[in-house]
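The values are calculated or read from the model by the stated rules, or taken from the named source; none is laboratory data. All values reported here derive from a predicted model rather than from experimental measurement. Cβ placement follows ideal geometry from the backbone for every residue including glycine, while neighbour counts extend to all protein chains displayed.
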Amino acid sequence: MRVVLCLLGLILAFPAFAQEASLLGYEGADRVEKAMAAAKKEGAFTLYTSLAEKDIPPLASAFEKRYGIKMRVWRSASEKVLQRTLTEASGRRYEVDAIHTSALEMEALHRENILQQVVPPHSAELLPGALRPHGEWTATYLSVWVQTYNTHLVKKEDLPRTYQDLLDPKWKGKLGMEAHVPEWYSTVVMDMGEEKGLRFFRELAAGNGISMRSGHTLLNNLVIAGDVWLALTVYQYMPEAAKRKGAPIDWFVLEPAVARMSGVGIARRAPHPNAALLFYEFMLSGEAQGLLRSMDYIPTTGKLPAPLASRRLTLVDPATAMDQRDKWLKSFEDVLIKRSSQ
């Protein structure tokens, strides 16, 4: 009897939370309006994110102006966002409301039962693959690996048209790659056919060599400096931003263009679920998607920008990437890291 009374006390103590949390599964067109009333009572929410530091203020400012809800942000690398969230959950510390980070970390949070299902916004028309089958997180933008080159050192007409063209001896000692891109590598290999793809990368590393560099920003800067003539794996927004500032850099696409997703989800034990729901809705709204576009990200709503629109685009499937992570990490190290120049 005492246990029953305690359970009844808990139910009576938290009826608002149970009712408010159900809005995450509410499909009515007035979901935002309903969430607004509850979120105003919550007053604020906490976001853990790996968004670039410079890109957080404009998004936070637009969100707070739109909803009048305070946005508390803890920002770090995607792996640290995952680690902190899991550590707090294991210690039964429920401080985070929403998480926005890269796809593999979001998928890991789903598998660890950290996230909860959210009905996607009615107004969002998403690119195929952006809405995950389990419904616990949704992609907000894509980061596409493209090929970049120094425009002072490489003429546009001399650019390779296919990956096979990179085997030409003229590229010996001039190629660079980010040292932690097994998802890109495995996607390209499987697109070629595993046996053929592995043979291609072995021949490329042995014949022309690839300078492996840690960090996409570093690799992009090395292309600008001319230390690397042509880089195979730089996120599209980096050379685009540098080019606008007058740097001698441009980018192109070898098919398949490979993209990784970043997405947003709501913690299962979020203390401010309705404020988090407003942020989820906001990140998939036209306003936030427009802001992301202005930052040179590729939003998951709308059309792909040129020249990506005319290219074959392949999204890294985070579930498959996680399941086969050990295999491709080892292959990447054996085929490229150990064989390439540093």
> Given the conditions (1) part of a strand (DSSP E or B); (2) out of contact with any His (no Cβ under 9 Å at 6 or more places or on another chain); (3) surrounded by 22 or more Cβ atoms within 10 Å (Cβ to Cβ), and given that Asp250 satisfies all but one, which numbered condition is not satisfied?
Replying inline: (3)
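Among the listed residues Phe279, Phe332, which satisfies the condition of being aromatic (Phe, Trp, Tyr) and either under 30 Å from Leu167 (Cα atoms) or part of a strand (DSSP E or B) (or both)?
Step by step, each of Phe279, Phe332 is checked, and only Phe332 is aromatic (Phe, Trp, Tyr) and either under 30 Å from Leu167 (Cα atoms) or part of a strand (DSSP E or B) (or both).
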> So which of Ala242, Ala179 ends up being under 27 Å from Asp55 (Cα atoms) and without any contact (Cβ under 8 Å) to a residue 60 or more places away in the chain?
Replying inline: Ala242
>> Could you check segment 84-107 and list, in sequence order, the residues that are surrounded by 14 or more Cβ atoms within 10 Å (Cβ to Cβ) and without any contact (Cβ under 8 Å) to a residue 40 or more places away in the chain?
In response: Arg84, Leu86, Glu88
>> Looking at (1) within 22 Å of the chain's Cα centre (by Cα); (2) among the hydrophobic types (A, V, I, L, M, F, W, C); (3) surrounded by 24 or more Cβ atoms within 10 Å (Cβ to Cβ); (4) farther than 22 Å from Ala37 by Cβ, which one does Ala276 not meet, given that it meets all the others?
In response: (4)
> If Asp296 satisfies every condition in (1) in contact with an Asp or Glu (Cβ under 7 Å, 6 or more places away or on another chain); (2) part of a loop (DSSP other than H, G, I, E, B); (3) farther than 21 Å from Val181 by Cα; (4) of a type outside the set (A, V, I, L, M, F, W, C) but one, which is the exception?
Replying inline: (3)
> Of the residues Val189, Val223, Val228, which is in a loop (DSSP other than H, G, I, E, B) and at pLDDT 95 or above?
Replying inline: Val228
>> So Lys327 ticks every box in (1) under 30 Å from Gly135 (Cα atoms); (2) in contact with a Ser or Thr (Cβ under 9 Å, 6 or more places away or on another chain); (3) assigned by TED's automatic domain parsing to the domain that holds Leu167; (4) buried (at least 16 other Cβ atoms within 10 Å of the Cβ) but one. Which box is left unticked?
In response: (4)
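The rows are residues; the columns are (1) assigned to a loop (DSSP other than H, G, I, E, B); (2) touching a residue at least 24 places away in the same chain (Cβ under 8 Å); (3) hydrophobic (A, V, I, L, M, F, W, C); (4) in contact with a Pro (Cβ under 7 Å, 6 or more places away or on another chain).
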| residue | (1), (2), (3), (4) |
| --- | --- |
| Val32 | no, yes, yes, no |
| Ala35 | no, yes, yes, no |
| Ala38 | no, yes, yes, no |
| Phe45 | no, yes, yes, no |
| Tyr48 | no, yes, no, no |
| Pro58 | no, yes, no, no |
| Ser61 | no, no, no, no |
| Arg66 | no, yes, no, no |
| Val73 | no, yes, yes, no |
